1. Restricting attention to the stretch 253-274, report how many residues are part of a loop (DSSP other than H, G, I, E, B) and either under 22 Å from the mean Cα position of the chain (by Cα) or touching a residue at least 60 places away in the same chain (Cβ under 8 Å) (or both).
2. May I ask you to say which residue of V188, V226 is farther than 18 Å from F22 by Cβ, surrounded by fewer than 18 Cβ atoms within 10 Å (Cβ to Cβ), under 18 Å from the mean Cα position of the chain (by Cα) and not hydroxyl-bearing (S, T, Y)?
3. Out of R257, R241, I need the residue that is surrounded by fewer than 17 Cβ atoms within 10 Å (Cβ to Cβ), more than 19 Å from H112 (Cβ to Cβ) and either touching an Asp or Glu at 6+ places or on another chain (Cβ under 9 Å) or not basic (K, R) (or both). Which one?
4. Given the options G104, G59, G87, name the one that is small (G, A, S) and closer than 30 Å to F292 by Cβ.
5. Within the stretch 293-312, identify whether any single residue is in contact with a Leu (Cβ under 6 Å, 6 or more places away or on another chain), farther than 30 Å from S200 by Cβ and either of a type in the set (A, V, I, L, M) or assigned to a helix (DSSP H, G or I) (or both), and answer yes or no.
6. State the number of residues belonging to the stretch 1-40 that are surrounded by 11 or more Cβ atoms within 10 Å (Cβ to Cβ), assigned to a strand (DSSP E or B) and in contact with a Lys or Arg (Cβ under 7 Å, 6 or more places away or on another chain).
7. Note down all Cβ pairs under 8 Å where the first residue falls in the stretch 105-130 and is in contact (Cβ under 8 Å) with a residue 40 or more places away in the chain and crowded, with 19+ Cβ neighbours inside 10 Å, the second is of a type in the set (S, T, Y) and assigned to a helix (DSSP H, G or I), and they're at least six residues apart or on different chains.
8. Can you confirm whether R10 is touching a residue at least 40 places away in the same chain (Cβ under 8 Å), touching a strand residue (DSSP E or B) at 6+ places or on another chain (Cβ under 9 Å), farther than 24 Å from I168 by Cβ and of a type in the set (K, R)?
Amino acid sequence: MPEQQKPARRHHVVSKFYLRRFANPRNQLIRCPLDGKAHLQSVNDATVRKDFYSVLAEGVEQDAFETELAEVETEAAAAFTAILRNGVWPPTLEHRLAVSAWIGLQHLRGEHNRRMVEQMHRILTKLEVGMATVEQIRELVNAPSDAPDDEVEAARAYILSTADSLPIHHHAHLMAIGQVLERAIMSVFDRQPWTLVEFSWDALGTSDTPVVVVPDEDALAGLRAVGIGSAPALYVPLSTRAGLFMDELGATAPDGRMSGSPELARSLNEFTLRTTRRALYYHPDTDPFAGFEMQPPREQEVMVSHDQLSNFIDEAALEQGRPSWLQASTE
């Protein structure tokens, strides 16, 4: 009996087939950290994280999620080839669905989305524990029914003091992807028009977060957040010479194509830079981000008012006649 192949443990967070479209013939591209020095990197190593998508559950193959990713990527790679190499435009229904599936999945599978899931879990844990009654905390920590209230409150204080660094199992991210993937795909597929922007030179770069959620004025002003389903538009650099702009949901305009200019290239690369979390990627013979001011790496994905969160917890504690323990949680 042949030996069973071990599951791969080096996972590309951004699809390898996609990154190749920004690489030279030697399969190399430039990785430019937002807070570091640009350097040459093999596509084989770009955006690789160990065990990022590994499934650690009894009765499930460890690489089950990676297998699903591979199926989406195979169909998307064929669609990319048809559009970018063979000139098939507007995309066929099959190609449109394959590209939509890749964009929706690529948006959800990234490190930024994992951080968002982790940060949401921590915020909700803090809120739930901070506002719970003594009896609810007793049940939460499996304390005996006769455990003194001060011991239960000590458990509450400890949870609050560690809530901001609470370890979150990566399965939470994988489960979140499954819950919203279909909606994410349709929020791409249903946008119209799709506009293919083509350049006659290597004009575009990409990043660790290649799906650009184009913000509206309120989002730019910090008044609200936008997601893949609520953004006025989406943009994805498809290669060094082509970008895809997806307009409004529910519109009926036909898909189109246009030739890119230096001004448009700069605008699209600025979109990419604004969305980047930690690193940019581009062809070694180019520097599409030259002249841009680099922003610091972005770690915070959930914009929440900590003052408002504290107020909710303080009010619940006051109503229940106990300490809020928030001072302990911030020391």
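1. Residues meeting the conditions: 4.
2. One residue alone meets the criteria, V226.
3. Just a single option satisfies the conditions, and that option is R257.
4. Exactly one of G104, G59, G87 is small (G, A, S) and closer than 30 Å to F292 by Cβ, namely G104.
5. Yes, the stretch 293-312 contains a residue that is in contact with a Leu (Cβ under 6 Å, 6 or more places away or on another chain), farther than 30 Å from S200 by Cβ and either of a type in the set (A, V, I, L, M) or assigned to a helix (DSSP H, G or I) (or both).
6. Of the residues in the stretch 1-40, 3 are surrounded by 11 or more Cβ atoms within 10 Å (Cβ to Cβ), assigned to a strand (DSSP E or B) and in contact with a Lys or Arg (Cβ under 7 Å, 6 or more places away or on another chain).
7. Q106/Y18; K126/S329
8. no
Since every read-out is calculated from the coordinates, none of them should be taken as a lab result. Quick caveat, the model's predicted, so the values are computed rather than measured. Don't worry about glycine lacking a Cβ; one is built from the backbone with ideal geometry, like all the others, and counts go over all protein chains shown.
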